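All remarks here apply to the structure that follows.
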Amino acid sequence: MFKFTPLENAVCAVEGFYANGIAAGLKKNNAKDLAFVYSDTVCDVAAVYTSNKMLAAPLQHAKAKGTIQSNFILINSKNANAMTGTRGVKDIDAIFSSLLMKFPLVSPLMSSTGVIGVHLPTEKIINAALTFDLSTRDGVAASQAIMTTDAFSKTIAYEVTTTSGESFRIGAMAKGAGMINPAMATMLCFITTDINLPQVMVQAVLDKVNKVSFNAASVDGDTSTNDTVFIMNNKKSNCEDTEAFEEALTRVMTFLAKEMVRDGEGATKLITYNVTGAANDKEAEIAAKSLSNSLLIKTAFNGEDPNWGRIAMSVGACGIECHESTLTIAYEDIVLVNKGENLFNDAMEKECARVLCKDAFEVNVDIGVGEGKFTAYGCDLGHEYVTINADYRT
């Protein structure tokens, strides 16, 4: 129905948006660690935040504004500015005061990611931020600067053309590789668009799409203090097609969610868990997330072990209506259990090997009691995850 044309330059693919990433000295080896996204007009901003009650200072600062309008987001990595008390919020105010002296037309928001419980190096951030050139359009550099344990940056952009010939653009960048749990997922995501829709409509679409994208992603079952999605909308296009925007946002956020899981700390496999036949959609969601969060399943898939008993265990333990006699489990097209009948044998183990050795595959589970369905995204878990997180602060 809608034509999607891929674009380059992430958040800068939308006209009127600018971005860059630089080194402020927060990371070692002069790595990029401070980014901005800027609009030449004030934007409506839609947002969703972490469900973690230990809310980081940037989120406290943003939520205190209520309905948000902004044209500038400052993002630092290496330091989460979380569990920093009232000083954490005051540090943001101090940074903004200095920014406004040089850039009096900005209406700023802030996002942070990194180590919890450490105060912001405000002087370093201020000194670096004052060197920004707001006419720079380097979405790639900005996406690199917001990375923490990410192995690669995550960006996407489209021009969307409707059947009536109207068009709009959408661009995004995100970070996330660890401390990711489907409860608003542990990540930062910044989306720009020029769709001509009111803030309340964009917010409603964001809330809906978030449930089946970022909230369906899991790396390790932990939920961060800093999770944030911001959509900056300058409404410069003439397109008012809500359906097209929802499809575009679904494509963008689902892609980024899967990229985060694929980049899970030490992960080697992206696993899609399709649960069908549950009593309702909510029970399917519970089961799918139980599967994507299970450490036993993650470690089995890391070792390419087709241990379907762990799939059955997870479904049975998650509290939904289910029965052995109606349960079907398949790795892609290989049915291991059919309505409770165990079909697994030595020959099938060899068939499973061709699936489990791939860097992406699907696990299909039919509960067999209703019409509910949900898809969640997970990864495997190996020794590298322990290595990364044992050394995280260093």
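Check Met253, Met260 and return the single one that is under 21 Å from the mean Cα position of the chain (by Cα), surrounded by 23 or more Cβ atoms within 10 Å (Cβ to Cβ) and modelled with pLDDT of 95 or more.
Residue meeting the stated conditions: Met253.
Looking at the stretch 202-225 only, could you name the residues that are closer than 22 Å to Ala267 by Cβ, part of a loop (DSSP other than H, G, I, E, B) and at pLDDT below 90?
Ser218, Val219, Asp220, Gly221, Asp222, Thr223, Ser224, listed by residue number.
Tell me yes or no: at least one residue of the stretch 184-193 is among the small types (Gly, Ala, Ser) and either at pLDDT 85 or above or surrounded by fewer than 24 Cβ atoms within 10 Å (Cβ to Cβ) (or both).
no
For the stretch 16-52, name all the residues that are within 16 Å of Met173 (Cα to Cα) and assigned to a loop (DSSP other than H, G, I, E, B).
The answer is Lys32, Asp33.
Each row is one residue, and each column tells you yes or no for (1) in contact with a Gly (Cβ under 8 Å, 6 or more places away or on another chain); (2) among the basic types (Lys, Arg).
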position: Phe4; (1), (2): no, no
position: Ala13; (1), (2): yes, no
position: Cys43; (1), (2): no, no
position: Asn52; (1), (2): no, no
position: Lys65; (1), (2): no, yes
position: Phe72; (1), (2): no, no
position: Val89; (1), (2): no, no
position: Lys102; (1), (2): no, yes
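Condition first: touching a helix residue (DSSP H, G or I) at 6+ places or on another chain (Cβ under 8 Å), of a type in the set (Ser, Thr, Tyr) and outside any helix (DSSP H, G or I). Now tell me which residues in the stretch 226-257 satisfy that.
Thr228
Please give the number of the condition Pro104 fails out of (1) within 26 Å of Met260 (Cβ to Cβ); (2) surrounded by fewer than 17 Cβ atoms within 10 Å (Cβ to Cβ).
Result: Pro104 fails condition (1) only.
Restrict the check to the stretch 218-236 and report whether at least one residue is open to solvent by less than 10 Å² (accessible area, probe 1.4 Å) and touching a Gly at 6+ places or on another chain (Cβ under 8 Å).
Checking the stretch 218-236: at least one residue is open to solvent by less than 10 Å² (accessible area, probe 1.4 Å) and touching a Gly at 6+ places or on another chain (Cβ under 8 Å).
Tally time: how many residues in the stretch 123-162 are under 21 Å from Asn30 (Cα atoms), surrounded by 17 or more Cβ atoms within 10 Å (Cβ to Cβ) and of a type in the set (Ser, Thr, Tyr)?
The number of residues fulfilling the criteria is 5.
Does the stretch 92-104 contain any residue that is out of contact with any Pro (no Cβ under 9 Å at 6 or more places or on another chain), in a helix (DSSP H, G or I) and acidic (Asp, Glu)?
yes
Among the residues of the stretch 173-183, are any more than 30 Å from Leu296 (Cα to Cα), open to solvent by less than 50 Å² (accessible area, probe 1.4 Å) and at pLDDT 95 or above?
Scanning the stretch 173-183 turns up at least one residue that is more than 30 Å from Leu296 (Cα to Cα), open to solvent by less than 50 Å² (accessible area, probe 1.4 Å) and at pLDDT 95 or above.
Kindly indicate whether any position in the stretch 36-57 is among the charged types (D, E, K, R), more than 16 Å from Met110 (Cβ to Cβ) and either open to solvent by 50 Å² or more (accessible area, probe 1.4 Å) or modelled with pLDDT under 95 (or both).
yes
Residues Cys352, Cys318: which one is at pLDDT 90 or above, out of contact with any Phe, Trp or Tyr (no Cβ under 7 Å at 6 or more places or on another chain), of a type outside the set (Val, Ile, Thr) and under 19 Å from Leu291 (Cα atoms)?
Cys318
Select from the stretch 137-151 the residues that are under 21 Å from Tyr18 (Cα atoms) and in a loop (DSSP other than H, G, I, E, B) and write down the one among them that is modelled with the lowest pLDDT.
Ranking the qualifying residues of the stretch 137-151, first place goes to Met147.
Do we find a residue being of a type in the set (Gly, Ala, Ser), over 24 Å from Gly340 (Cα atoms) and under 21 Å from the mean Cα position of the chain (by Cα) anywhere in the stretch 295-315?
Checked the stretch 295-315: no residue is of a type in the set (Gly, Ala, Ser), over 24 Å from Gly340 (Cα atoms) and under 21 Å from the mean Cα position of the chain (by Cα).
The values are calculated or read from the model by the stated rules, or taken from the named source; none is laboratory data. Everything numeric here is computed off the predicted structure, so don't read it as measured data. Cβ sites come from the backbone with ideal geometry, for glycine too, and all protein chains shown count toward neighbours. For accessibility, only protein heavy atoms count, side chains too; no ligands or nucleic acids. Shrake-Rupley method; radii C 1.70, N 1.55, O 1.52, S 1.80 Å.
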